[in-house]
Amino acid sequence: MLGNEPLATAVILTAFGGLLAASVALSRVSARLGLPVALLFLLVGVLAGSEGIGHIAFEDYGFAFRVGTVALVLILFDGGLNTPATSAREVLAPSAVLATIGVVATAGLVAVAAHFFGLSWPMAMLLGAIVSSTDAAAVFSSLAASGTRLRRKVGLTLEVESGLNDPMAVILTTAITTSIVSGVRLSPLGVMAEVVIELVIGAVIGFGIARLGRMLILRVHLPAAGLYPAFTLALACLSFGVATLLHGSGFLAVYVTGMTLGSGALPHAVGVRRVHDALGWLSQVLMFLLLGLLVFPGRLWQVATVGLTLALFLAFIARPVVAMLCLIPFRYRWRDSAYVGWVGLRGAVPIVLATIPVMADVPGGRVLFDIVFFIVVVGAVIPGATVPWMARLLRVESAAPPPPATLIEVDARAPLGDELRAYFVSDQLAVAGATLAEIPFPEGAAVSMLERRGALIAPSGSTRIEPGDYVYVIAPIEHRPLVELLFGRPEEH
């Protein structure tokens, strides 16, 4: 054996395994409190750090940035994979405005407030850029834990905006940091041009790699099902890497790649999505644990007043005002705009971006990191804990029925052919009250299973469909429009 190996590796794996297990086991506590699960992972990392009970000494900002970048690539790819392009197009314009103009406006308002509290204009602008983007994972983990379902337009806007606004925050943070280090005055027109170029390159590269990848994955029959998610993971890495090397937005590229792939047929689609969902969650846990280790609680108290005040300003004034103004041209209800503004939670992205000034040796960079950490935590606690309550108060909850208690998925090797989908039977449907034998199914279609009040029923021709049932219909893909004429829109899991 070389040196202390394998004992040193065993110690590292033991520590990581213990922290990972503790974070996952305590996630139920976070759900009961209505807080984003990622916040709990972050606090576990703080407790395990050099000033916590774990006494793990860690202050490698460069390593944390690299791990955070990889984690964000996996999280954004998973988010894109589960956001169909057809749905995203419904809210693309307002989401794009929020992700660009909204990010800049939010950064500007926070910069003004930060300058009022004593930060120089360059540092205030840098702080505003760092905390300007939202985190979909934080929002939807709170909604999922409470069982809240949002109106389709509101939910899609939050989801697509959070997938698109990270590139803008990254570009602004990098540009301002470079300006501070080099001493060269920042050119607004130059930044705008850079933003447009990076976004266009990122979108083109992401779409191109997705289309090329789909063509290959449909033509090449891999020998094992586990190789398909490995191939899609390769596409995610290539998308980010190629776009970044060509001076484009790698984060936008990977999101577009995931969305493009997820909007079409994929072999073993169920297995691919499950693997990327697991990778996304693992990335969140690892990223927040690692970033938590970077925090020194003793330093946080020195910026507590500024951090708390700016967090409240961002949550109660900056984000809601900007969101409502951005959505005025798109005729959103004021309730919808207010909710979009309220639940713009900050997550891992600001903390990852806060490591950039530290790595660049910006004077006061570590103080800025502590302020950002404070803003993220406070923002997660106050708006995060009230996400379900505000949904009820502003009446933005979906009137759609609750999802079926039983989730049935079919993992097929062939990307085309028959598909299994769940449909809710409302009393407005013509099929409600009819027996299966009386329903004019298209050729090759049939009800394979029926769920009634949580119980599964094996149907026959004499089985009568009742309002409130969920029917699982298997049918050729080409007959999907005919099936939807009978049963309406399918449930999306």
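Here are the numbers for this structure:
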quantity	calculated
The lone exception for Ile217 - which of (1) surrounded by fewer than 21 Cβ atoms within 10 Å (Cβ to Cβ); (2) touching a residue at least 40 places away in the same chain (Cβ under 8 Å); (3) closer than 18 Å to Ala85 by Cβ it fails	(1)
Unique match (being surrounded by fewer than 17 Cβ atoms within 10 Å (Cβ to Cβ) and of a type outside the set (Ser, Thr, Tyr)) among Val270, Val242	Val270
Helices (runs of 4 or more DSSP H) within the range 37-127 that include 1 or more residues within 23 Å of Leu314 (Cβ to Cβ)	37-48, 61-81, 92-97, 103-116
Residues of the range 39-56 that turn out to be farther than 21 Å from Val349 by Cα, free of Cβ contacts under 8 Å to residues at least 40 places away in the same chain and open to solvent by less than 50 Å² (accessible area, probe 1.4 Å), as a count	1
Of all residues making up the range 186-199, the number that are surrounded by 16 or more Cβ atoms within 10 Å (Cβ to Cβ) and modelled with pLDDT of 90 or more	2
Scan of the range 273-288 for residues that are modelled with pLDDT of 90 or more and surrounded by 23 or more Cβ atoms within 10 Å (Cβ to Cβ), ordered by number	His276
Gly183, sole failed condition from (1) among the small types (Gly, Ala, Ser); (2) at positive phi; (3) surrounded by 12 or more Cβ atoms within 10 Å (Cβ to Cβ)	(3)
Total residues in the range 449-474, condition closer than 18 Å to Pro490 by Cα and either in contact with a helix residue (DSSP H, G or I) (Cβ under 6 Å, 6 or more places away or on another chain) or buried (at least 16 other Cβ atoms within 10 Å of the Cβ) (or both)	10
Which listed residue is within 17 Å of the chain's Cα centre (by Cα), over 27 Å from Ile176 (Cβ atoms) and either among the hydroxyl-bearing types (Ser, Thr, Tyr) or open to solvent by less than 30 Å² (accessible area, probe 1.4 Å) (or both), from Thr69, Thr83	Thr83
Helices (runs of 4 or more DSSP H) enclosed by the range 252-366 - at least 3 residues per element that are touching a Phe, Trp or Tyr at 6+ places or on another chain (Cβ under 6 Å) and within 25 Å of Glu59 (Cα to Cα)	269-293, 348-359
Selection within the range 231-258 - over 21 Å from the mean Cα position of the chain (by Cα) and more than 18 Å from Glu198 (Cβ to Cβ)	Phe231
Members of the range 210-225 found to be among the hydrophobic types (A, V, I, L, M, F, W, C) and within 14 Å of Gly264 (Cβ to Cβ), listed by number	Ala210, Leu212, Met215, Leu216, Ile217, Leu218
Residue under evaluation Gly248, criteria (1) loosely packed, with under 15 Cβ neighbours inside 10 Å; (2) modelled with pLDDT of 85 or more, criterion not met	(1)
Test for Ile356: is it under 21 Å from Leu291 (Cα atoms) and either hydroxyl-bearing (Ser, Thr, Tyr) or at pLDDT 90 or above (or both)	yes
Some residue of the range 224-232 being open to solvent by 20 Å² or more (accessible area, probe 1.4 Å) and in contact with a Ser or Thr (Cβ under 8 Å, 6 or more places away or on another chain)	no
Residue selected from the range 95-106 under the condition open to solvent by less than 10 Å² (accessible area, probe 1.4 Å) and out of contact with any Asp or Glu (no Cβ under 7 Å at 6 or more places or on another chain), by the criterion nearest to Asn165 (Cα to Cα)	Val103
Checking Ala210 against (1) modelled with pLDDT of 85 or more; (2) exposed (fewer than 14 other Cβ atoms within 10 Å of the Cβ), the condition it does not meet	(2)
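The values are calculated or read from the model by the stated rules, or taken from the named source; none is laboratory data. All figures in this text were calculated on a predicted structure; none of them were measured in a lab. FYI the Cβ positions are ideal-geometry reconstructions off the backbone, even for glycines, and counts take in every protein chain you see. When the accessible area is computed, the model is the full protein with side chains, heavy atoms only, and any ligands, DNA or RNA have been set aside. Shrake-Rupley method; radii C 1.70, N 1.55, O 1.52, S 1.80 Å.
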